[in-house]
Amino acid sequence: MSPDSQKTPYNPPALEFKSSTFSVPVLVLSSNDLAIIEQQLQAKIRLAPEFFRNSPLVLDVQELNKKDLDIDIAELMEILRKPGLLPIGIRGGSLNQNKKALALQIPVYSINSGNTVAEAQKQKTITPPAPEPKTSTATTTLITHPIRSGQRLYASGDLVILAQVSAGAEILAEGNIHIYGTLRGRALAGVQGNTEARIFCSDLQAELISIAGNYKISEDLQAIARNKPVQMYLQDHTIIIKDI
Amino acid sequence: MARIIVVTSGKGGVGKTTTSAAIAMGLAKKGHKTAVIDFDVGLRNLDLIMGCERRVVYDFVNVINGEATLNQALIRDKNCNLLYILPASQTRDKDALSQEGVGKILEDLSKDFKYIVCDSPAGIEKGAHLAMYFADDAFVVTNPEVSSVRDSDRMLGILASKSRRAEQNQEPIREYLLLSRYSPDRVKLGEMLSVDDVQEILSLHLLGVIPESKSVLNASNSGTPVILDEKSDAGQAYSDIVARYLGEDKPHRFIDGKKGLFGKFFGSK
Ligand SMILES: Nc1ncnc2c1ncn2[C@@H]1O[C@H](COP(=O)(O)OP(=O)(O)OP(=O)(O)O)[C@@H](O)[C@H]1O
Ligand SMILES: [Mg+2]
């Protein structure tokens with residue numbers, strides 16, 4: 001019942017299936033000209049190489065199929081992988097395209113799944129034929145409610161939380177983390193290796209803080225005065241904690 | 001349309017059933033037609049606290065399975081004719097409840113009742129999930145100790161992400177803190193968390209503090225919700241809670257152990 005009771009020593013389960021929601025960029029194609037796609041994709045990525053390196057990606061070919069434009073899924077995957085993108089799914093594909101995707105071990109998603117997060121994904125959608133003048137490196141995720149024990153939150157850019165992060169909660173961001181409340185849980189910034197990432201919070205009582213894989217646990221934080229805004233950043237692979 | 005209230009906690013034995021019985025009675029006494037549902041299938045408890053255990057013919061699971069109608073299963077309270085109890089089954093296990101079944105019953109009740117109070121079982125498993133899934137308001141019952149506070153926090157996360165309101169992107173469930181079994185003396189001795197500690201950890205709107213009180217045991221032994229014991233501190237605390245929930249402005253009581261002169265002279269408890 002309580003989490004503690006799971007610590008019984010005999011026969012601990014080695015695995016567990018859990019359901020989680022992730023926010024993943026979707027690439028919506030509106031042309032099937034592979035040369036143009038490759039060219040425009042590279043132009044996009046040059047604007048924000050850090051953001052796209054090793055980024056998972058879901059491919060959306062619904063628009064193409066509406067216009068009866070077929071596309072070679074295998075070649076397209078090659079083009080996407082070249083600059084470091086990691087395609088993890090396709091949606092809106094034809095029967096034949098889905099079959100090809102599965103043969104390449106790319107999962108097929110229904111077009112409806114993810115509708116609820118369509119708003120959030122819109123900003124991250126890359127649409128090659130409509131070159132915008134500027135792309136921000138990564139979006140900022142703004143959260144106005146507390147993050148409670150047992151909840152986990154991932155942001156592909158900066159993460160701003162206007163409430164507390166409870167003990168037993170975990171927040172992760174590829175960029176910076178700002179918490180305008182007490183941090184009691186775990187906060188991991190720069191999770192894709194960004195050593196410039198920082199964590200800010202108005203009261204540090206964390207279980208764990210981490211920047212680009214370097215971490216401090218609750219024990220290391222005992223000496224830090226509470227009830228004061230602090231910032232954390234990396235210096236020579238060590239997390240420095242300073243009053244703001 | 002009824003307002004659906006779930007009384008929940010995560011941790012067991014913190015006072016959910018005591019609270020469900022008290023606030024359901026309080027709402028009915030204020031003139032609102034109220035139903036209180038026992039979601040603790042297999043452990044039937046609410047009917048004992050409400051003193052109707054000898055009048056149970058059909059239960060929640062019978063209605064879900066279509067073996068009885070709602071009207072056949074609802075028991076009218078002996079003290080208040082605006083209050084009805086839907087008891088849990090003792091003979092089934094919690095898998096007898098289904099989301100569709102529960103949703104249908106709540107929808108039917110909503111046509112006729114003003115408030116529906118759902119007494120959640122402990123834990124975060126199926127029964128607790130179904131009790132909170134359709135809720136509009138959540139009364140999070142917490143005892144002033146670390147493990148209870150932690151479990152409440154966990155439950156708040158579930159309310160915020162796994163309820164119908166969350167799934168349908170509606171206005172979130174309104175969450176209220178009910179701090180129960182509070183003992184100012186033990187807080188002073190450092191044996192318990194204070195109201196401020198708990199509120200600081202949970203950052204949640206405090207609906208009321210219910211003191212640790214012998215009257216609760218007396219009430220459950222006699223099968224009458226403690227709110228009907230108007231002289232008792234716990235009864236008064238629950239009356240305040242109902243009034244605040246309905247929008248009345250009542251200052252908080254039972255937070256510090258200071259007794260009035262009367263209390264000092266007569267040692268009332
Ligand atoms: N304010 C109080 N003062 C003293 N005792 C109380 C108080 N509230 C509840 N209790 C006692 O605590 C015990 C548990 O209460 P209750 O059954 O209401 O908790 P619960 O949360 O419904 O438990 P469960 O998780 O098993 O369903 C009972 O013995 C009850 O009499
Ligand atoms: Mg109970």
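The values are calculated or read from the model by the stated rules, or taken from the named source; none is laboratory data. Given the structure is predicted, the values throughout are model-derived calculations rather than measurements. Here the Cβ is made from the backbone with ideal geometry for all residues, glycine too, and neighbour counts use every protein chain on show. Heavy atoms of the whole protein, side chains included, go into the accessibility calculation; ligands, DNA and RNA do not. Shrake-Rupley method; radii C 1.70, N 1.55, O 1.52, S 1.80 Å.
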Go through segment B:164-182 residue by residue and tally those that are within 16 Å of ligand 1 (Cβ to nearest atom) and within 14 Å of another protein chain (Cβ to nearest Cβ). 1
Of the conditions (1) more than 13 Å from the chain's Cα centre (by Cα); (2) buried (at least 21 other Cβ atoms within 10 Å of the Cβ); (3) away from every other protein chain (no Cβ under 14 Å), A:Thr195 fails just one. Which one is it? (2)
Residue check: is A:Ile45 assigned to a helix (DSSP H, G or I), at pLDDT 75 or above and within 20 Å of the chain's Cα centre (by Cα)? yes
Which condition from (1) aliphatic (A, V, I, L, M); (2) at pLDDT 95 or above; (3) within 16 Å of ligand 1 (Cβ to nearest atom) is the one that B:Leu43 breaks? (2)
Taking B:Gly10, is it open to solvent by 30 Å² or more (accessible area, probe 1.4 Å) and outside any helix (DSSP H, G or I)? no
Selected residue (only one of A:Ala206, A:Ala187, A:Ala212, A:Ala167 is within 13 Å of chain B (Cβ to nearest Cβ) and either of a type in the set (A, V, I, L, M, F, W, C) or in contact with a Leu (Cβ under 6 Å, 6 or more places away or on another chain) (or both)): A:Ala167
(1) open to solvent by 10 Å² or more (accessible area, probe 1.4 Å); (2) more than 14 Å from ligand 1 (Cβ to nearest atom) all hold for B:Val198 apart from (1)
Residues located in segment B:1-12, provided they are over 12 Å from the mean Cα position of the chain (by Cα) and either aromatic (Phe, Trp, Tyr) or within 8 Å of ligand 1 (Cβ to nearest atom) (or both): B:Lys11, B:Gly12
Restricted to segment B:33-72, and to residues that are part of a loop (DSSP other than H, G, I, E, B) and among the aromatic types (Phe, Trp, Tyr), which residue is surrounded by the most Cβ atoms within 10 Å (Cβ to Cβ)? B:Phe39
Among (1) within 14 Å of another protein chain (Cβ to nearest Cβ); (2) open to solvent by 50 Å² or more (accessible area, probe 1.4 Å); (3) at pLDDT 85 or above - the single one A:Thr116 does not satisfy: (3)
Would you please name the residue that is surrounded by the most Cβ atoms within 10 Å (Cβ to Cβ), looking only at residues in segment B:85-135 that are within 14 Å of ligand 2 (Cβ to nearest atom) and of a type in the set (Gly, Ala, Ser)? B:Ser120
Checking the structure you have, find out if any residue of segment B:151-166 is open to solvent by less than 20 Å² (accessible area, probe 1.4 Å), out of contact with any Pro (no Cβ under 6 Å at 6 or more places or on another chain) and β-branched (Val, Ile, Thr). no
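Results for (1) surrounded by fewer than 19 Cβ atoms within 10 Å (Cβ to Cβ); (2) assigned to a strand (DSSP E or B), shown as yes or no for each residue.
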site	(1), (2)
A:Leu59	no, yes
A:Glu63	yes, no
A:Asp68	yes, no
A:Leu76	no, no
A:Pro83	yes, no
A:Pro87	no, yes
A:Ile90	no, yes
A:Gly93	no, no
A:Asn98	no, no
Collect the residues in segment A:150-164 that are within 20 Å of A:Ala212 (Cβ to Cβ) and within 12 Å of another protein chain (Cβ to nearest Cβ), keeping them in residue-number order. A:Arg152, A:Leu153
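To keep it simple, each residue is scored yes or no on (1) touching a Gly at 6+ places or on another chain (Cβ under 9 Å); (2) closer than 14 Å to A:Ala35 by Cα; (3) at pLDDT 90 or above.
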{"position": "A:Pro49", "(1), (2), (3)": "yes, no, no"}
{"position": "A:Leu57", "(1), (2), (3)": "yes, no, no"}
{"position": "A:Gln62", "(1), (2), (3)": "yes, no, no"}
{"position": "A:Asn65", "(1), (2), (3)": "yes, no, no"}
{"position": "A:Leu80", "(1), (2), (3)": "no, yes, no"}
{"position": "A:Gly84", "(1), (2), (3)": "no, no, no"}
Within segment B:210-248, restricting attention to residues that are of a type in the set (Val, Ile, Thr) and near ligand 1 (Cβ under 10 Å from one of its atoms), which residue is surrounded by the most Cβ atoms within 10 Å (Cβ to Cβ)? B:Val226
Number of positions in segment B:80-131 that are within 16 Å of ligand 1 (Cβ to nearest atom), among the hydroxyl-bearing types (Ser, Thr, Tyr) and in contact (Cβ under 8 Å) with a residue 60 or more places away in the chain: 1
Give me the pairs, please: first residue somewhere in segment B:183-211 and within 14 Å of another protein chain (Cβ to nearest Cβ), second residue anywhere and among the hydroxyl-bearing types (Ser, Thr, Tyr), beta-carbon distance under 6 Å, and either six or more positions apart or on two chains. B:His205/B:Tyr176
